[in-house]
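Q: Below is one structure. I have some questions about it.
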Amino acid sequence: MLEDISIKDFALIDNANIEFSKGFTVLSGETGAGKSLLIGALSFLLGGKSGTEQIRSGCHEATVSGTFLLDENPSVAAQVSSAVERSRSPLNADDESECKSATEWLSRHGIEPENNRILLRRYVRDNGKTGAWIGDTAVTRADLAAFSSFLVDIHGQHEHQSLMKVPEHRRFLDSFAGLNDRVFAFTRLYADLVSKRRRLDELNANDANREQKIELLTFAIKEISEAKLKPGEDAALDDEETKLSSFEKLYSDVETVNAALDGSGEGALGLLKRIRGTAQHACDLDKSLENLDQRLESVFYELSDIASEYKNYERALVFDPERLSQVQERQTLIYNLKKKYASSVSAPIEEVLQYAQNAQTQLDAIEGGEAGKEALQKEIAALEKQVYAEAKAISVARKSAAEKMARGVESVLSQLGMKGTRFSVSIIEKSGTELEQKCGPYGMDNIEFLISANPGSPLHGLAKIASGGELSRVMLALKTILAESDPVQTLIFDEIDTGIGGEVAVSVGSHLKTLAKNRQVLCITHLASIAVYADNQVKIEKGVNAGATQTKVFEITAEDRVEEIARMLSGDPTSSESLEHARSMLQRFSEGA
């Protein structure tokens, strides 16, 4: 239930804070006062469209927040599926379509309500950025819409028009027929069948070129295995090939280094030896040079060691054309393997080794797949029979419930100014001859609500021909007959009174009052005969403040409400006759007025 809403700088509303109560609440005001702005703000809060045009002129940000009291008995709500649960993929076991209450949704997303209440908050800024929260958790617009669908249903010319979406018709019928749990179980069964069929298709596809795949994989594994590759081998071979192929230059460089260090002439070592003798003599004369003398000695011994190693290297340096040929042959082998089995010829040799490992895994799967294929085919055959039988049983139950639903909706509509209207539930078996084509995740039926609002006119799709006012009254009729099975606690009706008046309006008010006994109902209306049934009344008023147009929203009670009903009756809130008539109607139809 919506307990309160706070709106700041949204459209023409600068700042509004409204508290709501249980039962039936009417939203009223002069034409053009902005009654639909309040519904628009609530729709925005619940995950509806957002745009910078929603920001009040001259402001940088519009924000809307609202507190909702969750179902006081979540365990009961969890046993009942919503008649208007939103369209989501039925094949994902972790999808929110499995959730059956707001409490369960919060639990799955790790969000804790406080005192069984949850705060929703959303903003839009003039740079186009938006943000939304459920409690203290930031969420996406999709998450916000998914969660709020358990809390509120808005009916009228807004995004929550469930009846405009043909897939929703199946949900309404299943809820009325008490089939939600059964259809949910069927969806899981169907998902299992789809999964197993997909696996069988993969196995069959493997069969089509099984031998060819086995041959290719076996050849690759054998070729790579016989090469006896080692990680990092390609880099080591490159280094060795460079050394062997550049032998003459390498030998010349080393010979030059040795001559420079300790050649027949005065090399670096001879020169350094003479320098050491002179430095030692200087040190004998001045002891402060001892440190430098020691360092010079270290350099001498280090250079002597380097010269010795270079001499040993030169003696061992032998040109080996046979080894060069072996290295180059190995490099060619690795190059060809990389060309076949790696991403490029410059890729590391590890990619070839990984290819062999993956090929072995695929080969094992292909060779072992045949063993499980026969068992899988038997499982699918059994599941197909089970799915078809259950789909058929659900279809029979739907057709039985459809007739009862149609009679119930027509009965209520006749009292809501749509006498003579024919309502029907079309249930047509899905086309196709194969089981997979005939059945979908919700059964074998295509379901659509049909209506003929004028006597003698043929039935047509409700979503295509009904006006906003007719849709709202059809929804009111559906909500009346679904009152016991729909856990959504807050219903909002916009334009419920379009094209009606007199006794029909009184009947509409009476129905809304009845519907509000077990849930919260909010309704925008300009008819006093509907407003007087309300338990609470909120007035929307437009005015000018400091040269700027503003819309104010506030609750009215006592004499203020009498004056508003009088205005709705005659346009004159001060006329004694209108005031008396309004007071009389309130005393007659509104409890506690």
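Q: Every residue in the stretch 201-240 that is of a type in the set (Gly, Ala, Ser) and at pLDDT 85 or above, please. Steps first, answer last, please.
A: Let us first name the residues in the stretch 201-240 that are of a type in the set (Gly, Ala, Ser), namely 205, 208, 220, 225, 227, 232, 235-236.
Once the filter is applied, which keeps residues that are of a type in the set (Gly, Ala, Ser) and at pLDDT 85 or above, the stretch 201-240 yields Ala220, Ser225, Ala227, Gly232, Ala235, Ala236.
Q: Further question: Under 9 Å by Cβ, and 6 or more places apart or on different chains, what pairs join a residue from the stretch 556-582 that is of a type in the set (Asp, Glu) with one that is exposed (fewer than 14 other Cβ atoms within 10 Å of the Cβ)?
A: So the pair list comes out as Glu563/Thr574.
Q: Out of the residues in the stretch 349-399 that are of a type in the set (Lys, Arg), over 27 Å from Leu203 (Cα atoms) and open to solvent by less than 90 Å² (accessible area, probe 1.4 Å), state the one that is modelled with the lowest pLDDT. Lay out the reasoning, then the answer.
A: Step one: of the stretch 349-399, the residues of a type in the set (Lys, Arg) are 373, 378, 385, 392, 398-399.
Next, from what is left, pick out any that are over 27 Å from Leu203 (Cα atoms): 392, 398-399.
Filter again for open to solvent by less than 90 Å² (accessible area, probe 1.4 Å), leaving 392, 398.
Values: Lys392: 93, Arg398: 96.
That would be Lys392.
Q: Under 8 Å by Cβ, and 6 or more places apart or on different chains, what pairs join a residue from the stretch 11-31 that is closer than 19 Å to Ser590 by Cα and free of Cβ contacts under 8 Å to residues at least 12 places away in the same chain with one that is open to solvent by 50 Å² or more (accessible area, probe 1.4 Å) and among the β-branched types (Val, Ile, Thr)?
A: Partner pairs satisfying both residue conditions: none exist.
Q: Hey, another quick one. Just one of the numbered conditions (1) assigned to a helix (DSSP H, G or I); (2) under 60 Å from the mean Cα position of the chain (by Cα) is not true of Leu229; which one?
A: Of (1) assigned to a helix (DSSP H, G or I); (2) under 60 Å from the mean Cα position of the chain (by Cα), only one is false for Leu229: (1).
Q: A follow-up question, please. Check Ser576, Ser584, Ser590 and return the single one that is open to solvent by 70 Å² or more (accessible area, probe 1.4 Å) and among the polar types (S, T, N, Q). Walk me through it before giving the result.
A: On the way: Ser584 fails: open to solvent by 70 Å² or more (accessible area, probe 1.4 Å); Ser590 fails: open to solvent by 70 Å² or more (accessible area, probe 1.4 Å).
Criteria check complete, one pass: Ser576.
Q: Of all residues in the stretch 376-427, count the ones that are assigned to a helix (DSSP H, G or I) and aromatic (Phe, Trp, Tyr).
A: 1
Q: Counting just the residues of the stretch 16-42 that are under 16 Å from Phe493 (Cβ atoms), at pLDDT below 90 and among the hydroxyl-bearing types (Ser, Thr, Tyr), which one comes out surrounded by the fewest Cβ atoms within 10 Å (Cβ to Cβ)?
A: Only one residue tops the list, namely Ser36.
Q: Could you say whether any residue in the stretch 482-491 is under 30 Å from Ser578 (Cα atoms) and in contact with a Leu (Cβ under 9 Å, 6 or more places away or on another chain)?
A: First, pick out the residues of the stretch 482-491 that are under 30 Å from Ser578 (Cα atoms): none.
No, that holds for no residue.
Q: Within the stretch 474-493, take every residue that is assigned to a helix (DSSP H, G or I) and open to solvent by 40 Å² or more (accessible area, probe 1.4 Å) and give me the one that is nearest to Gly408 (Cα to Cα).
A: Step one: filter the stretch 474-493 for residues assigned to a helix (DSSP H, G or I), giving 474-481.
Those still in the list that are open to solvent by 40 Å² or more (accessible area, probe 1.4 Å) too: 480-481.
Numbers: Thr480: 9, Ile481: 7 Å.
Once the filter is applied, the top-ranked residue is Ile481.
Q: Could you say which residue among Gly128, Gly110, Gly135 is surrounded by fewer than 20 Cβ atoms within 10 Å (Cβ to Cβ) and farther than 29 Å from Cys59 by Cα? Break it down into steps so the answer makes sense when it comes.
A: On the way: Gly128 fails: farther than 29 Å from Cys59 by Cα; Gly135 fails: farther than 29 Å from Cys59 by Cα.
Among Gly128, Gly110, Gly135, only Gly110 is surrounded by fewer than 20 Cβ atoms within 10 Å (Cβ to Cβ) and farther than 29 Å from Cys59 by Cα.
Q: Another question about this same structure. Taking the stretch 114-125 as the region of interest, how many residues are in contact (Cβ under 8 Å) with a residue 24 or more places away in the chain, in a loop (DSSP other than H, G, I, E, B) and open to solvent by 60 Å² or more (accessible area, probe 1.4 Å)?
A: Initially, the stretch 114-125 is screened for residues in contact (Cβ under 8 Å) with a residue 24 or more places away in the chain, giving 116-125.
When the remaining residues are screened for being in a loop (DSSP other than H, G, I, E, B), the result is 116.
Filter once more, keeping what is open to solvent by 60 Å² or more (accessible area, probe 1.4 Å): none.
Matching residues across the stretch 114-125 total 0.
Q: Got at least one residue in the stretch 245-254 being open to solvent by 40 Å² or more (accessible area, probe 1.4 Å), in contact with a Gly (Cβ under 7 Å, 6 or more places away or on another chain) and not acidic (Asp, Glu)?
A: no
Q: Could you list, in sequence order, all residues of the stretch 524-559 that are loosely packed, with under 14 Cβ neighbours inside 10 Å and not polar (S, T, N, Q)?
A: Gly543, Val544, Ala546, Gly547, Ala548, Phe554, Ala558, Glu559
Q: A follow-up question, please. Show me the helices (runs of 4 or more DSSP H) found entirely inside the stretch 248-354 where at least 1 residues are touching a residue at least 24 places away in the same chain (Cβ under 8 Å), within 30 Å of Phe219 (Cα to Cα) and over 60 Å from the mean Cα position of the chain (by Cα).
A: Values: elements: 268-285, 290-316, 321-341.
Because the criterion is at least 1 residues that are touching a residue at least 24 places away in the same chain (Cβ under 8 Å), within 30 Å of Phe219 (Cα to Cα) and over 60 Å from the mean Cα position of the chain (by Cα), the helices (runs of 4 or more DSSP H) in the stretch 248-354 that meet it are 321-341.
Q: Evaluate the stretch 462-473: report whether one residue or more is among the basic types (Lys, Arg), modelled with pLDDT under 85 and either out of contact with any strand residue (DSSP E or B) (no Cβ under 8 Å at 6 or more places or on another chain) or crowded, with 18+ Cβ neighbours inside 10 Å (or both).
A: Let us first name the residues in the stretch 462-473 that are among the basic types (Lys, Arg), namely 464, 473.
Those still in the list that are modelled with pLDDT under 85 too: 464, 473.
Add one more test, that the residue is either out of contact with any strand residue (DSSP E or B) (no Cβ under 8 Å at 6 or more places or on another chain) or crowded, with 18+ Cβ neighbours inside 10 Å (or both), and what stays is 464, 473.
Yes, the stretch 462-473 contains at least one residue that is among the basic types (Lys, Arg), modelled with pLDDT under 85 and either out of contact with any strand residue (DSSP E or B) (no Cβ under 8 Å at 6 or more places or on another chain) or crowded, with 18+ Cβ neighbours inside 10 Å (or both).
The values are calculated or read from the model by the stated rules, or taken from the named source; none is laboratory data. Predicted, not measured: the structure shown is a model, and the values here were computed from it. Every residue, glycine as well, gets a Cβ built from its backbone with ideal geometry; the counts of neighbours run over all protein chains shown. Just the protein is used for accessible areas: all its heavy atoms, side chains included, with ligands, DNA and RNA removed. Shrake-Rupley method; radii C 1.70, N 1.55, O 1.52, S 1.80 Å.
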